[in-house]
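Colleague: Starting off with a structure, shown below.
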Amino acid sequence: MSLQGQLSASISSSSSAFLAPSVFINSSRAVNVSVPSKRLGVCKCVATPTEEVTAYKTTVSRNANIAKLQAGYLFPEIARRRAAHLVKYPDAKVISLGIGDTTEPIPEVITSAMAQRSYALSTVEGYSGYGAEQGERPVRAAIASTFYKDLGIEEDDIFVSDGAKCDISRLQVVFGSDVTVAVQDPSYPAYVDSSVILGQTGLYQKDIQKYANIEYMKCSPENGFFPDLSTVARTDIIFFCSPNNPTGSAATWEQLTQLVQFAKDNGSIIVYDSAYAMYMSDDNPRSIFEIPGAKEVALETASFSKYAGFTGVRLGWTVIPKQLLFSDGFPVAKDFNRIVCTCFNGASNISQAGGLACLSPEGLKAMHEVIGFYKENTQIIMETFNSLGFKVYGGTNAPYVWVHFPGQSSWDVFAEILEKTHVVTTPGSGFGPGGEGFIRVSAFGHRENVLEACRRFKQLYK
């Protein structure tokens, strides 16, 4: 057969829909039409440029304060990098000791109370709808008697919420945009970011990695992680966390007495974050209200998140004493109550049932056991880095270990640890410029994961 004939036969028998014999339907019969033999040529497909589509835009301007924020919030950024690492190493067993998310199950004495409350909602007798925005009275009373006994704090001073982080933003709405703010450096990012969003700051200054108009109170090993208040400018609001996130340091009675006096001398309000108070091992204050005079210059936020594993359940509280007044004499608590009633419908009644169970004798015992487990993890991590010759801080009074890598970029250290050990940590600079050269290692993890992570650290830095 000639080459042309072979080609015709090949084309006719092809199963390709593009090259197959054409089939036409003509009422009752099909007619086969063969493809005539022709000299084959080259067919070029030329893409036609698509017309650029312009997205519709409203005439509403973006909030200029939100536009000041740098990159993303710290922990979602870490999650993004972790996800990218898993794409690169899909078979790697990644261990997360970064974000402070609890890992151990909620004690059954607590979950059973939530289950009972949940089931009761399916009955006529047990159903309830909206509750008090300030929280259920038994929960507020239990918080007052458990954490503030003999401190002059009453149940009416307590606002139950969906967590301390949420309350920090609500407090910022109360304070408004015309206040000045001081933060520990390093500190929990929510203080700075919420200040930026509310318009309390100037632009971000890349050369010093700070926002204008925020007073950064340096907390370093050199000053025992407590700021030299003689060098701190006067501000309206002072955010202070003890035990501290991320450094794990805890302020002493004497240091908090200085802070309260500093606030009184300057007419400032202290927003005291005590989210880790139950981790305290040393004989330090667990509440700012242990300091005489604090009720006139301070309020306090707290949470069940790291005590009972409520990071997903969501339950916290804020204490605003009646003695805390604005410059015109108006009670801060009344304005906060107005914001709460406007922006919040109250904590979940199921979560509050869990909170009440947390504060029962059995619940308190169970929470202390969970906290004890995480503190053992902390000890394992501290011993590991100490054995490798690192300077290690924190850990004793908090579930965080603050490890020093002098002369190195925090994000570079984070990246190296992730790349070479598949362990997620948190770069210290994410908590402020004072955290540069440090990483935070969280003790929240299953024991086998903590042990394995420490084994990998020893392989990397031996």
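Colleague: In segment 110-361, what is the count of Lys pairs whose alpha carbons are under 16 Å apart, counting only pairs at least 8 residues apart or on separate chains? Intermediate results must be reported in sequence, preceding the final value.
Modeller: Working: Lys149/Lys295; Lys165/Lys306; Lys210/Lys218; Lys264/Lys295; Lys295/Lys322; Lys295/Lys334; Lys322/Lys334.
Number of lysine pairs found: 7.
Colleague: Grab the DSSP H runs of the chain that are 4 residues or longer, score each as -39,500 (n - 2.57), total them, divide by all residues and round the 222 nm result to the nearest 500 deg cm²/dmol.
Modeller: Values: 14 runs with 169 residues, N = 462.
One gets -11500 deg cm²/dmol as the mean residue ellipticity at 222 nm.
Colleague: Rounded to two decimal places and with Rh computed the Kirkwood way over Cα pairs, what is Rg over Rh for the chain?
Modeller: Working: Rg = 30.5 Å, Rh = 25.6 Å.
Looking at the chain, the ratio lands at 1.19.
Colleague: Which of the peptides 128-134, 324-330 is most tightly packed, and how do the rest follow, going by the mean number of other Cβ atoms within 10 Å of each residue? Before the final figure, lay out the partial values.
Modeller: Details: 128-134: 14.3, 324-330: 11.0.
Going by the mean number of other Cβ atoms within 10 Å, highest first, we get 128-134, 324-330.
Colleague: State the answer as a single residue: which of Pro406, Pro427, Tyr374 lies farthest towards the positive end of the charge dipole of segment 361-434, with beta carbon charges of +1 for Lys and Arg and -1 for Asp and Glu, about the Cα centre.
Modeller: Result: Pro406, furthest along the dipole toward the positive end.
Colleague: For every other residue with a beta carbon closer than 11 angstrom to the beta carbon of Tyr461, add +1 if it is Lys or Arg and -1 if Asp or Glu, then tell me the sum.
Modeller: Cβ neighbours under 11 Å give a net charge of +3.
Colleague: Just want to confirm a number: the relative contact order over the chain, from Cα pairs under 8 angstrom separated by 6+ residues, in percent. Display every interim value, and only then the final one.
Modeller: Working: 786 pairs, mean separation 88.3, N = 462.
RCO, the chain: 19 percent.
Colleague: Say the dipole of segment 70-195 comes from +1 at the beta carbon of Lys and Arg and -1 at that of Asp and Glu; which of Val174, Ile95, Gly126 then lies farthest toward its positive end?
Modeller: It is Ile95, whose Cα lies furthest towards the positive end.
Colleague: I'd like the FRET efficiency for Glu154 and Leu86, computed as 1/(1 + (r/R0)^6) with the beta carbon distance as r and R0 of 30 Å, rounded to 0.05.
Modeller: Values: r = 50 Å, r/R0 = 1.66.
The calculated FRET efficiency here is 0.05.
Colleague: List nothing, just return the count: lysine pairs in segment 337-462, 8 or more apart or interchain, with Cα separation under 20 Å. Mind showing how you got there, number by number?
Modeller: Working: Lys365/Lys375; Lys375/Lys391; Lys391/Lys458; Lys391/Lys462; Lys420/Lys458; Lys420/Lys462.
Lysine pairs meeting both conditions in segment 337-462 amount to 6.
Colleague: Same structure again: Need the full-extension length gain, Glu222 to Gln261, defined as separation in residues times 0.36 nm minus the C-alpha distance. One decimal, nm. Numbers along the way, then the final one.
Modeller: Working: separation 39, 0.36 × 39 = 14.04 nm, distance 2.27 nm.
That works out to 11.8 nm of additional length.
Colleague: Taking 2.2 N^0.38 Å as the expected size of a compact globular protein, what ratio does the Cα radius of gyration of segment 110-361 give against it, to two decimals?
Modeller: Numbers: Rg = 18.4 Å, N = 252, 2.2 N^0.38 = 18.0 Å.
Compactness ratio reported: 1.02.
Colleague: If packing is taken as the average number of other Cβ atoms within 10 Å across a peptide's residues, how do 94-106, 227-239, 434-446 rank, most packed first?
Modeller: Details: 94-106: 18.8, 227-239: 17.1, 434-446: 23.9.
Result, highest mean Cβ count within 10 Å first: 434-446, 94-106, 227-239.
Colleague: Can you compute the modelled spin-label distance between Arg234 and Arg455, with each label point 7 Å from Cα toward Cβ, in nm?
Modeller: About 5.9 nm separates the two model spin labels.
Colleague: What does the C-alpha gyration tensor say about the overall shape of segment 276-346? Classify as rounded when a/c is under 1.5, otherwise prolate if a/b is larger than b/c, or oblate. Spell out each step's value before the answer.
Modeller: Working: a/c = 4.96, a/b = 1.19, b/c = 4.18.
Oblate.
Colleague: Now a separate question. How big is the dipole moment of segment 326-462 about its Cα centre under a simple scheme where the beta carbon of each Lys and Arg is +1, that of each Asp and Glu is -1, and everything else is neutral? Debye, nearest 20, please. Walk me through the intermediate numbers first.
Modeller: Working: 12 positive and 12 negative charges, 41 e Å.
In debye, rounded to 20, segment 326-462 gives about 200.
Colleague: Measuring from centroid to centroid over Cα atoms, what is the spacing of segment 154-230 and segment 316-380 in Å?
Modeller: 19 Å
Colleague: Could you tell me whether segment 129-184 comes out rounded, prolate or oblate from its Cα gyration tensor? Rule is a ≥ b ≥ c as square roots of the eigenvalues, rounded for a/c under 1.5, then prolate if a/b exceeds b/c, otherwise oblate. Please report the intermediate quantities before stating the final value.
Modeller: Numbers: a/c = 2.65, a/b = 1.51, b/c = 1.75.
Judged from the Cα gyration tensor, segment 129-184 comes out oblate (a/c at least 1.5, b/c at or above a/b).
Every number in this text was worked out from the coordinates using simple rules, so none of it is lab data. Just so it is clear, the structure is predicted and the values come from calculations on it, not from any experiment. Methodologically, a virtual Cβ is constructed for each residue, glycine included, from the backbone with ideal geometry; neighbour enumeration extends over all protein chains shown.
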